[in-house]
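Please read the structure below before turning to the comments.
The values are calculated or read from the model by the stated rules, or taken from the named source; none is laboratory data. The structure presented is a predicted model; accordingly, all values stated were derived computationally and were not measured. Here the Cβ positions follow ideal geometry from the backbone for every residue, glycine too, while neighbour counts run over all protein chains shown.
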Amino acid sequence: MTTTATREGPAMTTVFRPPRLAALAAGALALGIALPAAAEDWRFALEEIEGSVQDAYAQEFKRLIEERSDGEVTVTVYPYGALGTSDELTEQAIDGIVQLTHASPGHLGTLVPEIQVFSIPYLLSQNNEVNQRLLTESPIIYGPIADALRESGLELLTMYPEGDMVWTTNREIRSPEDFANFRMRTMVSPMLVAAYESFGASPTPLPYAEVYGALQLNMIDGQVNPIFAIEEMGFYEVTDYMIWAGQQQFVTTVVAGADWYEGLPEDRRELLDGVVADMADYIFETQEQYNQERLEIIREAKPDMVMIELTPEERAAFEERAQAVREQYVEMVGGDAQEILDGLTAEIEALETDLGSEGESMTGGEGESAGEESGGG
Ligand code: 6CS
């Protein structure tokens, strides 16, 4: 894994210098120079490094596309660091430099304001099976949200969850008051900034590659990400606490350049849509497995990491603050934001009626209960 490199900080310059071949490829792509490739090669960019959940998605996608097309189509995967920041990958997909990319809502807010509905804390279910069904089937997601993406030049192929977002911090946070003068790194979408302001923190948007160095140099006091990312990016090494507040599931989109997708022959579009549809269960199970395994790795690597799951009462204080963020979303986004918010809320409630509304203990440990603290400190 490239994990060793990520731990060398400070961030961008040393951590994510592109491997030589990837840099050449990126330069050639930017200049429009044809690279030797199979007759038909689809370039798939990732916002995450090798070994990540997005990488698992892309590798399985590659395997299935190449197998089902009898090798007529190949897929080249570009992990984070090869082609640029999340924002740049999105631009490259719109411009046809890559055909496919992951584009997480936390980075898409300026381009597609509607998708920031996923940045509202405590909106998605605590039961991740509900989220999984929502993200693959929702008429709101594949209706007005997909339309908004298409207007910006992106075809939404699918969405999936990557795990519960956990705070890693340099001090204990149990209440909004604890967040006073706390510089919390967020992804760059305006609604995420609003969300952490509502929690009482001072949000500090930064690209992913700069987080490790910023924590190491005490430029920020904490960050928030799913467990697999906290492990592979080494964020736990430069923070003391992992805190589960249940506020957000990390969700991502898989998108294609809309022009490219529109121009695909029928059989290729069927191939693409079929593979994406068939991968929903695979990626859901894989993200669960990665998050569980990486938590064990963190526990072993840093036994004195303090792990805290907020009590229902402690969580309620944050949940109450998050109500105002719903109103901010509607005001900030305008258009059909109210319809999107209400529609998604109704879909979640309906799915919870079928599947239940409760998740498992977030720390996943046997016998651990809400409010328990484990580790050193
Ligand atoms: O925090 C971020 O910026 C990133 N986190 C993950 C888990 N994936 C991509 C995203 O850019």
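The table that follows gives values for the structure above.
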item	result
Restricting region 179-196 to residues that are in contact with a Pro (Cβ under 6 Å, 6 or more places away or on another chain) and part of a helix (DSSP H, G or I), the residue that is farthest from Asn218 (Cα to Cα)	Ala195
Residue satisfying condition, being touching a Lys or Arg at 6+ places or on another chain (Cβ under 9 Å) and surrounded by fewer than 20 Cβ atoms within 10 Å (Cβ to Cβ), within set Ser69, Ser138	Ser69
Given (1) modelled with pLDDT under 95; (2) crowded, with 19+ Cβ neighbours inside 10 Å, index of the condition Gly365 fails	(2)
Residue in region 40-75 that is nearest to the ligand (Cβ to nearest atom), counting only those that are among the polar types (S, T, N, Q) and not in a loop (DSSP other than H, G, I, E, B)	Gln54
Filter pass, Glu210 being among the charged types (D, E, K, R), within 14 Å of the ligand (Cβ to nearest atom) and within 28 Å of Phe284 (Cβ to Cβ)	no
Looking only at region 213-247, and only at residues there that are within 20 Å of Gly200 (Cβ to Cβ) and charged (D, E, K, R), the one that is nearest to the ligand (Cβ to nearest atom)	Asp221
Tally of residues being part of a helix (DSSP H, G or I) and farther than 18 Å from Asp164 by Cα across region 99-141	6
Residues that are touching an Asp or Glu at 6+ places or on another chain (Cβ under 8 Å) and not hydroxyl-bearing (Ser, Thr, Tyr), drawn from region 248-259	Gln248, Gln249, Phe250, Val251, Val255, Ala256, Gly257, Ala258
Odd one out for Thr169 among (1) polar (S, T, N, Q); (2) touching a Ser or Thr at 6+ places or on another chain (Cβ under 8 Å); (3) surrounded by fewer than 23 Cβ atoms within 10 Å (Cβ to Cβ)	(3)
Residue satisfying all of: in region 148-171; within 20 Å of Ala277 (Cβ to Cβ) and assigned to a helix (DSSP H, G or I); farthest from the ligand (Cβ to nearest atom) among these	Arg150
Condition broken by Thr239, with the remaining ones in (1) surrounded by fewer than 21 Cβ atoms within 10 Å (Cβ to Cβ); (2) in contact (Cβ under 8 Å) with a residue 12 or more places away in the chain; (3) of a type outside the set (D, E, K, R) satisfied	(1)
Region 317-347, subset buried (at least 19 other Cβ atoms within 10 Å of the Cβ) and within 10 Å of Ile140 (Cβ to Cβ), residue farthest from the chain's Cα centre (by Cα)	Gly343
Pick from region 172-194, criterion at pLDDT 95 or above, within 14 Å of the ligand (Cβ to nearest atom) and among the aliphatic types (A, V, I, L, M), ranking: nearest to Glu237 (Cα to Cα)	Met184
Search result, residues across region 76-98 that are in a helix (DSSP H, G or I) and within 12 Å of the ligand (Cβ to nearest atom)	Ser86, Asp87, Glu88, Leu89, Thr90
